[in-house]
Every structure is written in structure tokens, then in C-alpha cells.
Amino acid sequence: MIGTIRAYLQTVQSKTTRRKKIAVDELERSIMDAYGSVDHYLQAGGYQSFYQGVKQLEQEGLIAPLRSAPLNGRTPPLSASYWLMPQGVTARWSEVQMLRVADRLNMEKYRQQPSLQTDEEWGRIERVYRFLLRAYEREWVTREERSLELFGNEKWLAGSEGNAFLSRIGISLEDLKARVYGEPFVFWPRPGVDVAKARDVLIVENLSFFHTVKRVLESGREIGGIEPDLLVYGEGKKIESSFPFLFDLMSGTDLRSVRVNYVGDIDAEGWGIYVRLVRRYPEMNVRLAFPLYSVMCAVSRRFVELPSYRDQSENEEVLQDIIRSFTANGLDSEARLIADLWRQRRRIPQEVLTFETFLQR
């Protein structure tokens, strides 16, 4: 069957000078038509032979799977779409040339897809290979600095093209001694506290509440029973990517000994931020600031109506994690209120806690 598939694709190939996207299910229907009937197609091996032919032509570089395409849902699976290479795409790099760098880099993709064998790509490979040979002598730098050094573009390694290149050659940013450093966030240390030695951190989601907490701490009061050494403005979801900046602030500290309390709005988005922080940074002791949530729930009863929300990602699994956490800490009434608000799509913003709230407690 491979001969039939190759002949059909070469016919399509001859009608264009550019690569063409081919849907694999449409290709199979065309091959069935070439056999004259489904029965004749099945007698020639059916899908199993079709699969083997497609994989062989992929190895030869005539076609290449789209990286973004899903699988076709068949067994064994194929990519749902392929690029049909233009005529004249042949291997440009010799096997000796590729073997010369194969001790550090994976060259299999280039053997499978000769269309990737360009002068520009080989230049990148040579620069990376030379770097890896002496990587032990180099210092760690930012991703952007290494990207500029090796590829002449400080943003290249952060983009999809750069990521695809590293994946093709089988290396990571760590191999290039490059790091994505945490984006700085706004923070405030309690007077007299050395940031590097802070042991209690409070992350708040909203800027308004950040200033309220700062004012309360400056007045010598506690925040609902919490007395943080370091106050951090999380800026909503941004804290999920900027959180590693905390590692830089506390360089040299055993981070497992740092207690990180988080308080956000009582709504689906606020709970989601917390759960993702816990899952993304398991090495850190991130926990909910239960005393503050308890005060938020109590104060919210003064309001005639709480604001509603829409277009927030509601994950029932996240809600159940939160409910279990509150009940495990003896906060059953708060857990019931949180569940009720979730069902009603209503929220308690952090702004229910004002400076006056803490003066009165």
C-alpha cells in the first residue's frame, strides 16, 4: 500500500511549490478511492497497512505531522494532519555531519524531516553544541541573556520557535545554564525585620487590601491573629508566575521553614489561585490565612447583598479542596457559607476588611 500512498502524494506534490496540509482521514479516503472500493482497500491491509505506509513516508521526510494537531482517534494512532513537503526537499546534511554533534544533541528529528535541514538551523545547532562543550565553565544567566548570546534575539527562547528547537535537539534551558527568573512583586517588610530572614509571609490578592494590611501593621496591631514578617501584593493571578521572586528575596533560607499565608477574594478565581500555588510550588509551605477568611465571612453578614460574578473558571474539585481545608480547621460555618456562595455565584471581596474593621476587633 505504501506505493499507492506515495504515488498519490507525489501527484498532489507536483501541483504546488509549497508545502500543503493534508488531513489524514481525507488521505485515507483518497487511497480507498484509488483501490476502487472499500473491500479492495481492506484486502490490501486496510488501516493497518495505511498506518505503516504513512509512518514510513514520515520517516522518509515526504510528510511531517503538524505539532499542534490532535491524534486521529484510531488504533494505532496517527496525527490528524500532516504537511506534505514540496518537491525537491532532500537531506542537506551528511550523516557524518550529524554524528559529530550527536554526543550532546538529538538529531533524529532532522533525519525524519529533511525539510528542517537548513543553513540557519545548522548554525543554531553549532552554536549550541559549542556552548555545551564548555558549559561547565559558564555562569547561570537569564533566559533572555542566553537567547541573545546564542541566537541574536533576546526573546527567541521564550517563543514557540525557540521552545520547538530545544525540544527537537533534546535539551532544556537548564542545559544552557539559563533560568526564567521570577518577576518582582510589590512587598513590604514589617519594621525591624530582615527580609532574608522572614519566616511568616502574607500574600494578599488586591492592592486596596495590601495598603489596609500595611497600615494596620504600621499601627502595631495584628491582622486577625496573623503578624507577618513580610507582606506581598499578589496582584491577582500574577502571583502564580511572580511567586519564584520570593526565592530570590530569601536566598540562603531553608524555604520549607517559611510559612506562606494566602488570602484572596472568596470566589472561584481566588480559590483557584491558591490551589494552583500549592500544586505549582509543592516545596513551599503555602496555606490559607484562615483567621482572615473567618473575619471576612463574619463581616460579610453586615452587607445587604454581596456582589455576583460571572466568567470565572469554576472547578468543583477546587471547591471540595477548600471545603475540606476549612472543616479540617474547625471552620464548619465558614465552609457552609463558601459552598452557598459558590452555588449562588456570589463573592466576598477582600475590601470588606477595612482599617476600621481591625480597629474594632
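The values are calculated or read from the model by the stated rules, or taken from the named source; none is laboratory data. Small disclaimer: the values here were computed from a predicted structure and weren't measured. In this analysis, Cβ positions are derived from the backbone assuming ideal geometry, glycine residues included, and neighbour counts consider all displayed protein chains. Keep in mind that these areas ignore ligands, DNA and RNA; they rest on the heavy atoms of the full protein, side chains included. Shrake-Rupley method; radii C 1.70, N 1.55, O 1.52, S 1.80 Å.
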* If you compute mean projected area of the Cα convex hull in nm² for the structure shown, which of (i) 17.4; (ii) 25.9; (iii) 22.6 do you land on? -> (ii)
* Using the Cα gyration tensor of region 54-157, with a ≥ b ≥ c the square roots of its eigenvalues, what is the shape: rounded (a/c below 1.5), prolate (a/b larger than b/c) or oblate (neither)? -> prolate
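With +1 on the Cβ of every Lys and Arg and -1 on the Cβ of every Asp and Glu, and nothing else charged, how large is the dipole of region 229-286 about its Cα centre, in debye rounded to the nearest 20? Write down the numbers at each step before the final one.
On the way: 7 positive and 9 negative charges, 38 e Å.
Rounded to the nearest 20 debye, it is 180 debye.
Roughly how compact is region 110-183, stated as its Cα Rg over 2.2 N^0.38 Å to two decimals?
On the way: Rg = 12.3 Å, N = 74, 2.2 N^0.38 = 11.3 Å.
My calculation over the Cα atoms of region 110-183 gives 1.09.
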* Take the Cβ-Cβ distance between residue 207 and residue 74 as r, set R0 to 45 Å, and report the resulting FRET efficiency rounded to the nearest 0.05. => 0.30
* To do: Leaving ligands, DNA and RNA out of it, work out the accessible area of residue 108 with a 1.4 Å probe and give it in Å² to the nearest 10.
  => 80
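Viscosity 0.692 mPa s, temperature 37 °C: give me the Stokes-Einstein translational D for region 260-354 in µm²/s, with Rh taken as the Kirkwood radius over C-alpha pairs.
On the way: Rh = 13.5 Å.
My calculation gives 243 µm²/s for D.
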* Taking square-rooted eigenvalues a ≥ b ≥ c of the alpha carbon gyration tensor, is region 247-307 rounded, prolate or oblate, where a/c under 1.5 means rounded and, failing that, a/b exceeding b/c means prolate? -> prolate
* To do: Express in whole angstrom the spacing between the alpha-carbon centres of region 165-197 and region 35-91.
  => 43
* Distance in nm between label sites at residue 37 and residue 119, each 7 Å beyond Cα in the beta-carbon direction? -> 5.6
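Using a cut-off of 15 Å between beta-carbons, work out the net charge of the residues near residue 52 (Lys and Arg +1, Asp and Glu -1, residue 52 not included).
Values: positive: 6, 55, 74; negative: 28, 58, 60.
Around residue 52, the surrounding residues sum to 0.
Compute the accessible area per residue over region 128-242, keeping the other protein chains in place, probe 1.4 Å, unit Å². Don't jump to the answer; show the numbers that get you there.
Working: 5740 Å² over 115 residues.
With the other protein chains kept in place, region 128-242 gives 50 Å² per residue.
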* To do: For region 85-233, just run the numbers: alpha carbon Rg, then divide by 2.2 N^0.38 Å, N being how many residues it has.
  => 1.66
* **Charge dipole magnitude, Cβ of K and R +1, D and E -1 - region 130-263, Cα centre, debye nearest 20** => 120
* To do: Using a 1.4 Å probe over the heavy atoms of the protein chains, calculate the carbon and sulfur portion of the accessible area of the chain as a whole percent.
  => 47
* Note, ³J(HN,Hα) from phi for region 186-191, Karplus 6.51, -1.76, 1.60, rounded to Hz, x at Gly and Pro -> 7, 9, 9, x, 4, x
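Report the relative contact order of region 1-131, percent, no decimals, based on alpha-carbon pairs under 8 angstrom and at least 6 residues apart. Display every interim value, and only then the final one.
On the way: 140 pairs, mean separation 37.3, N = 131.
It rounds to 29 percent for region 1-131.
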* Asked: Which value, in Å² rounded to 10, gives the accessible area of residue 311 with a 1.4 Å probe and all protein chains present?
  -> 140
* Structure fact -> Of all C-alpha pairs within region 205-253, those more than 16 angstrom apart amount in percent to 48
* Structure fact -> Under a 1.4 Å probe, counting only protein heavy atoms, residue 94 has an accessible area in Å², nearest 10, of 60
* Measuring from centroid to centroid over Cα atoms, what is the spacing of region 239-286 and region 306-361 in Å? -> 19
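Rounded to a whole number, what is D in µm²/s for region 1-122 from Stokes-Einstein with the Kirkwood radius over alpha-carbon pairs (25 °C, 0.890 mPa s)? Kindly include the intermediate steps, with their values, before the conclusion.
Details: Rh = 15.5 Å.
This corresponds to a translational diffusion coefficient of 158 µm²/s.
Just to confirm, what accessible area per residue do you get for region 292-353 at 1.4 Å probe, in whole Å²? Present the calculation step by step, with values, prior to reporting the outcome.
Working: 3540 Å² over 62 residues.
I get 57 Å² per residue for region 292-353.
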